[in-house]
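Worksheet for the structure shown next.
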Amino acid sequence: MTVLSTSLHVPVATAAASIAKTIVVNRSGTGDFRSVQEAINSVPDYNNQWIKIHLASGVYREKVVIGAYKSYILLEGEGAQKTSIEWGDYASDSRGHDTASCGTFTSYASNIVVAGITFKNTYDGYSHTKQAVAALIAGDKSSLYSCGFVGYQDTLADLFGRHYFKGCYIQGVTDFIFGLGQSIYEVSTRTCRDSIRVHGSP
């Protein structure tokens, strides 16, 4: 997969030439790992070669974090309708999470590409509205293609850095896109489940 750059200098994945390694995650045990987080942990810190982590279709019920030193990861599902990562932490829950730590998916690293995955925070905020982040993107030069982000309040934390979202679906109710990211949303759909108040939306 060749990695090019847009005018924002975010990575854009195209053909398959520069992938140094492919890791397969499958909950059935037929891949290299059963867990997405285990696969990410296997990437060495300060990595400087593109590593593809391919997720077989299915629902991965886990919290996933790409640490700041795990750069050059292509995280690829088999389509946002077929591959999802789901968890239900929320701010002020019994485990002491806040908005910054409750995300189902969090990426602090630069040079990250994500494609064909839905990230869902399963907390149901209708009875008590709480911040419940589906994805937090805080690394520079991150690109997300054909992904879904589903939550209630604070669904997508487009926190810091230059990001590119293409063909993504973003669903929430209150402040469901927020942050200080310098981002482009191209042909992306934002759907409000009820009332709407969007902070930091491009």
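The values are calculated or read from the model by the stated rules, or taken from the named source; none is laboratory data. Keep in mind that this is a model prediction, so the values were computed, not measured. Here the Cβ is made from the backbone with ideal geometry for all residues, glycine too, and neighbour counts use every protein chain on show. All accessible areas refer to the heavy atoms of the entire protein, side chains included, with ligands and DNA or RNA removed. Shrake-Rupley method; radii C 1.70, N 1.55, O 1.52, S 1.80 Å.
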Interchain or sequence-distant (5+) residues whose placed amide H lies within less than 5 Å of the amide H of TYR169 are CYS147, GLY148, PHE149, THR189
Let a ≥ b ≥ c be the square roots of the eigenvalues of the Cα gyration tensor of segment 34-119; is it rounded (a/c under 1.5), or, if not, prolate (a/b larger than b/c) or oblate? oblate
Is segment 22-73 best put as rounded, prolate or oblate by its Cα gyration tensor, with a ≥ b ≥ c the root eigenvalues, rounded for a/c under 1.5, and otherwise prolate when a/b is larger than b/c, oblate when not? prolate
Relative contact order %, segment 13-74, counting alpha carbon pairs below 8 Å whose residues are six or more apart: 36 percent
About the Cα centre of segment 85-166, how large is the charge dipole given +1 on each Lys and Arg Cβ and -1 on each Asp and Glu Cβ? Please answer in debye to the nearest 20. 260 debye
Dividing the mean separation of Cα pairs under 8 Å (6+ apart) by the residue count of segment 23-181 yields a relative contact order in percent of 16 percent
Segment THR22-GLU186, length gained on full extension (0.36 nm per residue, minus Cα span): 56.3 nm
With each label point set 7 Å from Cα along the Cα-Cβ vector, what nm distance links GLU62 and SER35? 0.6 nm
In whole Hz and in residue order, list the ³J(HN,Hα) couplings for segment 117-124 that follow from phi through the Karplus curve 6.51 cos²θ - 1.76 cosθ + 1.60, θ = phi - 60°; x for Gly and Pro. 9, 9, 10, 10, 9, 8, 4, 8
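If you roll a 1.4 angstrom probe over the protein chains with everything in place, what fraction of the accessible area of segment 125-187 belongs to carbon and sulfur, to the nearest %? Let's see the in-between values first.
Working: 1120 of 2090 Å².
Carbon and sulfur atoms account for 54 percent of the accessible area of segment 125-187.
Roughly to the nearest percent, how much of the accessible area of segment 24-73 is carbon and sulfur, given a 1.4 Å probe? Show your work: numbers first, answer last.
On the way: 1170 of 2530 Å².
The nonpolar share, carbon plus sulfur, comes to 46 percent.
Grab the Cα-Cα distance for ASP45 and ASP124, subtract it from 0.36 nm times how many residues apart they are, and report the gain in nm with one decimal. Can you show the working numbers first?
Numbers: separation 79, 0.36 × 79 = 28.44 nm, distance 3.55 nm.
The span from ASP45 to ASP124 would gain 24.9 nm if fully extended.
Any idea of the accessible area per residue across segment 41-191, 1.4 Å probe, to the nearest Å²?
On the way: 5900 Å² over 151 residues.
Roughly 39 Å² per residue, with all protein chains present.
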Roll a 1.4 Å probe over the protein heavy atoms and report the accessible area of GLU78 in Å², nearest 10. 80 Å²
The set of residues whose placed amide H lies less than 5 Å from the amide H of LEU75, leaving out same-chain residues fewer than 5 positions away, is ILE53, VAL113, VAL114, ALA115
